[in-house]
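What follows is one structure encoded as structure tokens, with my remarks underneath.
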Ligand code: H2B
């Protein structure tokens, strides 16, 4: 998968296939804020995302406060958003869907 920076049009198209993610004002990040039952649930989720990030060699910028996780995705190597950011975002959404089923 390519780390090349996507055009603004491609970013907008890709975003339409994601729910709950927003584009930052500078247009270099897509972001999502999540809330879990407690810290343990948040940390378990972060561990699962970390596995996928390693497999993709593509890593989130994120922070955690107790049950909340803020995720911000960008491609540092290209100075913008790439296919990898959207692939990771979709994977994160799949993990969330599966934990609720
Ligand atoms: N993660 C993210 N989000 N962006 C990158 O450009 C990136 C990465 N580059 N993970 C990878 C690692 C690169 O530094 C290594 C050397 O492949």
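No lab work stands behind these numbers, since they all come straight from the coordinates. From a predicted model like this one, the values you see are computed outputs, not experimental measurements. All Cβ positions, glycine included, derive from the backbone under ideal geometry; neighbour counts span all protein chains shown.
Note on the chain: with a GNM built from Cα contacts shorter than 10 Å, the maximum mean-square fluctuation among 32, 68, 40 falls on 40.
Note on the chain: Kirkwood radius taken over Cα pairs, Stokes-Einstein applied at 4 °C and 1.567 mPa s, translational D equal to 94 µm² s⁻¹.
Given Cα pairs under 8 Å that are at least 6 residues apart, what percent is the relative contact order of the chain?
Values: 135 pairs, mean separation 35.6, N = 101.
Here the relative contact order equals 35 percent.
With neighbour counts taken as other beta-carbon atoms within 10 Å, the residues 95, 84 rank, fewest first, as 95, 84. Who wins for biggest fluctuation among 19, 27, 37 in a Gaussian network model of the chain, springs between alpha carbons below 10 Å? Greatest mean-square fluctuation among the candidates belongs to 37.
Take the Kirkwood radius over Cα pairs of segment 1-56, plug it into Stokes-Einstein at 37 °C and 0.692 mPa s, and you get 243 µm²/s for translational diffusion. Helix 39-56 and the longest principal axis of the Cα set of the chain meet at an angle near 40°.
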